[in-house]
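Right, one structure below, let's go through it.
Values quoted throughout were computed directly from the atomic coordinates according to the rules given, and no laboratory measurement underlies them. Every value quoted in this text rests on a predicted model; they were computed, and no experiment measured them. With ideal geometry, Cβ positions are generated from the backbone for all residues, glycine too; neighbour counts draw on all protein chains shown.
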Amino acid sequence: MASRSKFKDPGFILTVVLVIYAGFVFIWWPTDIYMLGISLVAWLMFIGLFFWFLLAVIYAVWIEKLEGS
Amino acid sequence: MQVTESIILLIYLIVMTIMGIYFYRRARQSENDYFTAGQSINTFVGAFAIFAAVASSSSLMGAVGSGVALGVPYFFTYAFGVIAILPFSMFLVSGQIRRSGVKTLPEFFKQRFGKSVQIVAAAIVVIGMTFYMVPQLTASGLIGSHVLGIDYPMAVIILGLGFTLYAALGGMWAITYTDLIQGAIMLIGIIILALFIVVDHNGIVSLINDALAVDPAFGDITQPWMSYFGLFIAFLWFGIISPSVVMRNFASRDAKTARRSAMWACLLYLALFVAGFFVTAAGASMGIIDTLDNTDMIFVSVIEQYFPAILGGVMLAGLMAAIMSSADAMLLAISAGIAHDIYKEHINPKANERFVTGLGLVVMIVASIVGILIAIEPPGLIAIMVGWVGGFLLSAFGFPIVLGIWWKRANTLGALSGMVGGSIVFLILIIGQWFPTNAEPIIAAPVSLILMIVVSLMTEPPSDETKELVDYYHTHLEE
């Protein structure tokens with residue numbers, strides 16, 4: 001019954017994914033590129049809202065699979 | 001006075017109070033039931049309950065108000081942080097805290113770090129949540145004074161006492177079950193409002209164009225980068241550091257139900273903010289933001305502009321519902337902080353459950369009176385006040401919780417230094433006002449992190465039992 005590394009925890013991995021996307025938005029910060037008159041920053045965040053929900057679904061399914069095995 | 005809206009609001013509050021009284025009987029059966037609804041909430045109820053607890057008044061009024069005033073990227077920053085709340089807390093702490101078996105956040109600190117950290121944490125919860133009542137009371141006072149045609153301070157006092165009575169009567173049972181209704185009204189109301197707006201403007205693109213025609217800066221970044229980033233991290237961490245949200249996590253039947261509830265609540269939140277985007281654009285297209293006494297009132301103006309009076313009344317009841325459920329969850333966290341974590345744990349462990357519940361009730365009343373007194377002269381806009389609370393709790397609790405769960409070497413002195421150091425730096429930055437609004441946690445949270453790591457490494461490692469406890473938090477990974 002070896003304990004798995006905490007680095008392989010789905011929660012840890014998905015946190016890294018979340019931080020990478022948020023980092024991408026806040027580091028790039030494309031304030032001067034516009035789509036439909038709204039800064040691309042806002043649109044990247046808008047896409048992010050759906051991405052966050054997708055991550056929540058992946059987590060719930062992943063943990064259930066781990067528990068099942 | 002808006003007669004139709006007033007009648008609907010009144011009926012709504014009466015129905016909610018009756019529900020509160022009904023659940024009161026069940027609540028007084030045991031202390032466990034009172035604080036965490038007997039851990040028997042299913043996925044469906046749980047999703048709406050978590051959603052309604054996280055969606056405070058500022059989710060609707062504050063985000064829309066700040067989006068119209070400061071440009072739509074500000075609104076999306078708000079959403080970007082807020083919708084990540086549930087996934088982020090689920091990834092890092094929810095399962096582990098659940099497995100630890102504790103009932104409140106300070107209780108977790110006691111289990112992991114000992115009594116001293118618990119007492120400091122309970123005090124911070126009480127301070128943070130009492131201040132968090134202020135934006136809720138401000139929002140309810142604004143709506144109440146508009147609908148009922150009474151003075152703002154009078155509206156704050158009447159509604160504040162009403163909320164308290166309701167939360168005090170029923171505990172988590174009443175709050176969780178009425179949340180199902182409150183969450184549904186709020187969500188359905190804003191989605192219908194968004195549909196009315198899109199139809200009225202002949203589509204989404206022309207809605208955006210209408211907003212830009214009135215306010216050419218609607219799509220621009222108008223604030224310093226730090227304000228956006230600070231707001232984002234303060235909200236991102238909210239599920240981890242907010243005692244009221246953490247307590248909801250314990251009300252679910254089992255871990256799987258808790259995860260699924262959080263996942264669906266995330267979708268509900270997503271729908272709320274997509275609809276909120278249309279409301280923000282409609283608010284900007286009205287071109288009246290400069291004429292309002294309080295920017296946060298733009299949401300109510302949009303409702304009145306696009307909805308007939310009856311639908312408007314239902315929507316305002318939904319807004320009031322959001323505020324009431326958030327305020328009630330906070331009052332419960334304050335009451336648990338003092339009655340459960342400080343009195344029962346440290347002053348009189350033999351106190352019977354009825355007395356502890358009764359003490360919780362007195363604490364609630366005192367906290368709401370303090371909140372009402374501050375809210376009569378609110379110190380800032382709703383979105384900014386909520387950002388302060390999030391930033392304060394993040395600076396105090398964020399790393400002591402996460403490192404407590406994920407890092408065995410974290411010890412009591414490290415946690416104490418991180419908690420106290422982070423809070424003090426945050427308060428100094430708020431008082432000094434050297435940074436843009438809501439940027440304080442960008443400095444204070446890393447200070448807390450560094451203090452916690454350095455002090456932990458410089459002092460004795462925790463006992464073997466504590467290290468085993470940390471392993472136990474992660475036992476879902478064993479195979």
Rounded to whole Å, give me the distance from the Cα center of segment A:5-69 to that of segment B:284-306. 33
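Rank-order B:209-222, A:8-21 by packing density, defined as the average count of other C-beta atoms within 10 Å over each peptide's residues, highest first.
Answer by packing, highest mean first, reads B:209-222, A:8-21.
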Could you give the size of the charge dipole of chain B about its Cα centre, using +1 on the Cβ of each K and R and -1 on the Cβ of each D and E, expressed in debye and rounded to the nearest 20? 1380
For chain B, what's the relative contact order in percent, using C-alpha pairs closer than 8 Å and at least 6 residues apart? 30
Tell me which of B:Ile240, B:Leu457, B:Leu272 sits at the most positive position along the dipole axis of chain B, charges placed on C-beta atoms (Lys, Arg +1; Asp, Glu -1). B:Leu457
Taking every residue of A:6-19, the Cβ atoms of other protein chains inside 10 Å of its Cβ average out to 5
Report, in debye and to the nearest 20, how large the dipole of the protein assembly as shown comes out about its Cα centre when Lys and Arg carry +1 and Asp and Glu carry -1 on their Cβ. 1600
Dipole axis of the protein assembly as shown (+1 Lys, Arg; -1 Asp, Glu on Cβ), positive-most option in B:Leu361, A:Trp43, B:Pro216: B:Leu361
Would you please report the Å³ per residue occupied by the convex hull of the alpha carbon atoms in chain B? 133
Please state the shape class of segment B:333-431: rounded when a/c is under 1.5, otherwise prolate if a/b exceeds b/c and oblate if not, all from the C-alpha gyration tensor. oblate
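Provide a whole-number value for the mean count of partner chain Cβ atoms within 10 Å of the Cβ atoms in peptide A:55-64.
6
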Sum -39500 (n - 2.57) across every DSSP H segment of at least 4 residues in the protein assembly as shown, then divide by the residue count to get the 222 nm mean residue ellipticity, nearest 500. -25500 deg cm²/dmol
Size of electric dipole in chain A: Cβ of Lys, Arg +1 and of Asp, Glu -1, about Cα centre, debye, nearest 20: 240
Taking every residue in B:225-236, how many Cβ atoms of other protein chains lie within 10 Å of its Cβ, on average? 2
Just subtract the alpha-carbon distance of B:Leu469 and B:Glu304 from 0.36 nm times their residue separation and send over the number in nm, one decimal. 53.9 nm
Label-to-label distance, nm, for residues given as B:Asn209 and B:Phe44 (7 Å Cα→Cβ offset): 4.4
Between B:Ile428 and B:Ile18, what is the FRET efficiency for a Förster distance of 35 Å, r being their Cβ-Cβ separation, to the nearest 0.05? 0.15
Order of B:Met458, B:Met330 - criterion: other Cβ atoms within 10 Å of each residue's Cβ, fewest first: B:Met458, B:Met330
For B:Glu460, project a label point 7 Å along Cα to C-beta. Then give me every residue of segment B:377-412 with its amide nitrogen under 16 Å of that point. B:409-412
